[in-house]
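Notes to accompany the following structure.
The values are calculated or read from the model by the stated rules, or taken from the named source; none is laboratory data. Every value quoted in this text rests on a predicted model; they were computed, and no experiment measured them. Keep in mind that these areas ignore ligands, DNA and RNA; they rest on the heavy atoms of the full protein, side chains included. Shrake-Rupley method; radii C 1.70, N 1.55, O 1.52, S 1.80 Å.
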Amino acid sequence: MEPIKMNQLPTSCNRPGASPNEEPVEGAPGATGTGSSLGGEVDNIFPNPEVPEKKPRRNFTAAYKLRILQKVDLCTQPGQIGRLLRREGL
């Protein structure tokens, strides 16, 4: 019996019990030949290395801050302050 080299895969011609019409073996039995056992999921596993651009900080004028605080002082019911802040995007 001839020794098999490590980088040489068996083909249908030299495999015992193989029929002559079979395709050559290109990997482990049951391999799909896609190149990776992860298939198309590789992109979902490894995060994108690009760092997204950071948004600049918002700047509020003193007049805007004073107006919001005056509106907050007028709130008397529970939940009104939260509603005001959501409406203003704060």
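Here are the numbers for the structure shown:
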read-out: Criterion (part of a helix (DSSP H, G or I), at pLDDT 55 or above, over 36 Å from the mean Cα position of the chain (by Cα) and basic (Lys, Arg)) met by exactly one of ARG67, ARG83; value: ARG67
read-out: Residue among GLU88, GLU50 that alone is open to solvent by less than 80 Å² (accessible area, probe 1.4 Å) and among the acidic types (Asp, Glu); value: GLU88
